[in-house]
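Student: Have a look at this one before I ask anything.
The values are calculated or read from the model by the stated rules, or taken from the named source; none is laboratory data. Since this is a predicted model, take the numbers as computed values, not measurements. Here the Cβ positions follow ideal geometry from the backbone for every residue, glycine too, while neighbour counts run over all protein chains shown.
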């Protein structure tokens, strides 16, 4: 708590959300040939965003489980749409994760992106506004707006600055996401006609008291919401857009996609789909848990046989987010804490892995595992960072990945031993494919001469990787700094579902 | 016979259309007086002065009149209400933009003749009257006047085979549809005891008669031809492809908008008879599905926009269905808003096409390749228009779809909303293709880099900005749209 700041009530959530968009507006005025200035401004704007979200966390009252720092202004009154923002335990860490990643994403692109630099930075900044906006929006249409607003910049980032098959991958990403979100849009409109509001807290209240939904309505509405979020997660078998998008996206795109965008799916389940339609969610719990467990195993098995490093990490994401979905349907505080931690952890470890692959790709221009081997002797510093990221992803005790996975497995075993066993075997498989990849990538004989001359990390690169390592260790050794922020909200949430 | 006396309201009500007709006549006369056809600039200026005059006359209606209807003017032939003024506003502003773009477009295509401006003025005047008309005869005369002008515009590049073919097809089809329209009107006239005005027809209480349903259906078919509703749409792609791009833009926006305004008024007043709602539902579903599916595979941008326009006619029928369902809270207020949003985006899209095409040849998808590199602002404007047509948030098109689907669900037509959403999804695919071409592909080597005329740049820019502004702050237009629909119901 920072008492001085509380006294003059600045619209802190608006600042966190809209600063990047204002930065994008500023960039449109800059001469496109002045690439250095564009990069510096974007970096500064993203640091400003980080500063605002740190102030937000400073103001966050960890003893309260309800919405905080709410801003509620009428926006389109004739259609009943309001500008309603708020933050609670579900979103606070995810907002922090987003603002934390962006400056380092910008730093990582200084060498990698050299064409249409201006448009690239504008797209990334707009993407940041879209992501944070989706985390803070409490009006369903406002949420839908931010949710869609992420789509166009990401589409452009993949389509313009991506790899060889970028147009195909971008289109697949767009169409997949659009399928889900349009059904959600329909469901939102249905809810409005049913309960007369787009406002989430009001809607939750009315669905519980004055305007309850019957079983069939709940079933279909839940499916419409869940489909949209399951595509975003992505939940098996709706994951097929992800490997394509990751492989074709530029490094920055992959980092944002894996680090933040995928969390939109699991966040949406927790924020909207399950609390709005709790009975339908309970009825379909088994089905979703089985899909999640299948995704864990399937993603891990697919990762085991990949030869392209980016594709491997993409499938590992399918596996890791399966854990989160599993935990979302557990409805106990431990599992849900695990789910939120796992979201943050996955953002950190996978984000860092994609950054590191981007670094080596800039030097060698290949992502095939077979083209590497024996790098540990050539680039020792790089190897140390890479191994830390891998160990974090595996869930080594002492690093961040362990806590979340442990809590989720614990909850899974309690619910059904079969799910627990299958999910746990996913952890084992995870260690297997990650270590296998590390072996082929860093160790073994140095067979390719091109690898001898690869240069080690530069200061700039160490600078943007180190914060990730610090956060990994912090979360691994002292997770309660973060879990205490989410506990009260989760307690309330579980109480609400049990009633 | 009573002596002809005109009230002040009657004089004011015809001023916008009158200004346009007079401008058209002056165009023709000055053209006769100028045998060398040299004063190209002046013709454009004259057309703009005329449209601006009409706009001023319309503004004076807004200032003088109240929102509610003035009642029947000219013995029930027309009225002056907010609904009609809104329609007139869309048409006059569209004609102003078309005139702005016409100068550069016509001279670069070597067909710079005063008739173009005169025809746009005549058809605009007729369209304004169509939006205001409240009886069968004035409605029919307005439709015929605008149609004749637009037939000629479609074949304006008479040296070209495709243009003549398209215009001829349009003329034959149009004559057919006029036949349907007139037959339907005759039946209604006979059944309702020789009443011409909509309110008298409604008061005559003949709408339960089965024959009345036939008459209303025939009128509907007449309009369905004009706005391109499946299965009466087959002329649309061919005519769009052959006609001058600018004339297509004019047709796509103004003919569709004025016809929908008139159809809306006709149906709201008369109720449309038995089975009208089922017929509209069926037509709407078929139009949404076939229009969007047919647009998927078009390589020609004009054909793609033609099918997209057909699909939008399908969406625009949903407010009519909602209104006829009799739920008085949701009176289909989304129709005027959606038409305004559609007009802005379609104008921007055709504006970009006129900049690409000297005549009618350059309208292939590949012609857009790399446009973002050579003309970034034009590409941005086109992208905004396409995104709005696809109904993606922060555009007016999104708000329009939101209103339409919300009303459909509210009135219990969930199936229409589901089909609307599914077909919107299909539409996203074909609206993305030009975006891919503009932003993701490299320019063709033969790409000519003639700067777009300033009129085109201005139109695309203004429409693009309006699309975004009304996507973020739509309150004013939503309210206007709602009140205007309330005024026709009295």
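Student: Looking only at segment A:291-305, count how many residues are surrounded by fewer than 24 Cβ atoms within 10 Å (Cβ to Cβ) and either touching a strand residue (DSSP E or B) at 6+ places or on another chain (Cβ under 7 Å) or touching a residue at least 12 places away in the same chain (Cβ under 8 Å) (or both).
Tutor: Total meeting the criteria: 7.
Student: On the given criteria, is residue B:404 modelled with pLDDT of 85 or more, closer than 30 Å to residue B:202 by Cα, surrounded by 23 or more Cβ atoms within 10 Å (Cβ to Cβ) and touching a helix residue (DSSP H, G or I) at 6+ places or on another chain (Cβ under 7 Å)?
Tutor: Yes: the conditions hold for residue B:404.
Student: Right, another one. Output the number of residues of segment B:473-486 satisfying the condition of being touching a helix residue (DSSP H, G or I) at 6+ places or on another chain (Cβ under 8 Å), at the interface with chain A (Cβ under 10 Å from one of its Cβ atoms) and part of a helix (DSSP H, G or I).
Tutor: 7
Student: Looking only at segment A:76-112, which residues are touching a strand residue (DSSP E or B) at 6+ places or on another chain (Cβ under 7 Å), within 14 Å of chain B (Cβ to nearest Cβ) and crowded, with 18+ Cβ neighbours inside 10 Å?
Tutor: Those that are touching a strand residue (DSSP E or B) at 6+ places or on another chain (Cβ under 7 Å), within 14 Å of chain B (Cβ to nearest Cβ) and crowded, with 18+ Cβ neighbours inside 10 Å: A:81, A:82.
Student: Scan segment B:168-187 residue by residue and report those that are surrounded by 15 or more Cβ atoms within 10 Å (Cβ to Cβ) and farther than 19 Å from residue B:259 by Cα.
Tutor: Residues satisfying the conditions are B:168, B:169, B:187.
Student: Just to be sure before I move on: is residue A:131 surrounded by 23 or more Cβ atoms within 10 Å (Cβ to Cβ), within 21 Å of residue A:30 (Cα to Cα) and away from chain B (no Cβ under 14 Å) in the structure I sent?
Tutor: For residue A:131, the condition - surrounded by 23 or more Cβ atoms within 10 Å (Cβ to Cβ), within 21 Å of residue A:30 (Cα to Cα) and away from chain B (no Cβ under 14 Å) - is not met.
Student: Another question, if that's okay. For segment A:167-179, name all the residues that are within 7 Å of chain B (Cβ to nearest Cβ) and under 22 Å from the mean Cα position of the chain (by Cα).
Tutor: A:171, A:174, A:175, A:178, A:179
Student: Please find, among A:422, A:429, A:446, A:409, the residue that is outside any helix (DSSP H, G or I) and touching a helix residue (DSSP H, G or I) at 6+ places or on another chain (Cβ under 7 Å).
Tutor: After applying the criteria, what remains is A:446.
Student: Pairs under 8 Å by beta carbon, first residue within 14 Å of chain A (Cβ to nearest Cβ) in segment B:370-395, partner buried (at least 22 other Cβ atoms within 10 Å of the Cβ) and in a loop (DSSP other than H, G, I, E, B), six or more apart or different chains?
Tutor: B:384/B:395; B:387/B:395; B:388/B:395
Student: Continuing with the same structure: If you go through segment B:136-150 one residue at a time, how many are surrounded by 24 or more Cβ atoms within 10 Å (Cβ to Cβ) and over 15 Å from the mean Cα position of the chain (by Cα)?
Tutor: 2
Student: Here's another thing I want to ask about it. Filter segment B:436-470 down to the residues that are modelled with pLDDT of 90 or more and surrounded by 21 or more Cβ atoms within 10 Å (Cβ to Cβ), then identify the one that is nearest to the other protein chains (Cβ to nearest Cβ).
Tutor: B:470
Student: Working only within segment A:153-166, note down all residues that are surrounded by fewer than 23 Cβ atoms within 10 Å (Cβ to Cβ), under 23 Å from the mean Cα position of the chain (by Cα) and more than 10 Å from chain B (Cβ to nearest Cβ).
Tutor: A:163
Student: Further question on the same structure: Given A:182, A:261, which one is more than 14 Å from chain B (Cβ to nearest Cβ) and either free of Cβ contacts under 8 Å to residues at least 12 places away in the same chain or within 29 Å of residue A:296 (Cα to Cα) (or both)?
Tutor: Checking each option against the conditions leaves just A:261.
Student: On the basis of being away from chain B (no Cβ under 14 Å) and either assigned to a loop (DSSP other than H, G, I, E, B) or buried (at least 24 other Cβ atoms within 10 Å of the Cβ) (or both), does residue A:142 make the cut?
Tutor: no
Student: Out of A:429, A:422, A:399, A:391, I need the residue that is under 20 Å from the mean Cα position of the chain (by Cα) and in contact (Cβ under 8 Å) with a residue 60 or more places away in the chain. Which one?
Tutor: Sole residue among the options that is under 20 Å from the mean Cα position of the chain (by Cα) and in contact (Cβ under 8 Å) with a residue 60 or more places away in the chain: A:399.
Student: Which residue pairs have Cβ atoms closer than 6 Å, lie 6 or more positions apart in sequence or on different chains, and pair a first residue in segment B:144-156 that is part of a helix (DSSP H, G or I) with a second residue that is surrounded by fewer than 20 Cβ atoms within 10 Å (Cβ to Cβ)?
Tutor: Matching pairs, first to second residue: B:151/B:171.
Student: Whether any residue in segment A:328-347 is touching a strand residue (DSSP E or B) at 6+ places or on another chain (Cβ under 9 Å) and over 14 Å from residue A:479 (Cβ atoms) is what I want to check.
Tutor: Checked segment A:328-347: no residue is touching a strand residue (DSSP E or B) at 6+ places or on another chain (Cβ under 9 Å) and over 14 Å from residue A:479 (Cβ atoms).
Student: Quick one: what pairs do we get from segment B:401-413, first residue closer than 21 Å to residue B:474 by Cα and more than 7 Å from chain A (Cβ to nearest Cβ), second modelled with pLDDT under 90 and surrounded by fewer than 24 Cβ atoms within 10 Å (Cβ to Cβ), C-beta under 6 Å, 6+ apart or different chains?
Tutor: Qualifying pairs under 6 Å: B:407/B:330.
Student: Considering only helices (runs of 4 or more DSSP H) fully contained in segment A:1-68, which possess at least 3 residues that are under 22 Å from the mean Cα position of the chain (by Cα) and at pLDDT 85 or above?
Tutor: Qualifying helices (runs of 4 or more DSSP H): A:12-28, A:35-59.
Student: A follow-up question, please. Take the residues in segment A:190-207 that are more than 14 Å from every other protein chain (Cβ to nearest Cβ), in contact with a helix residue (DSSP H, G or I) (Cβ under 7 Å, 6 or more places away or on another chain) and touching a residue at least 60 places away in the same chain (Cβ under 8 Å); name whichever of them is farthest from residue A:143 (Cα to Cα).
Tutor: This residue is A:207.
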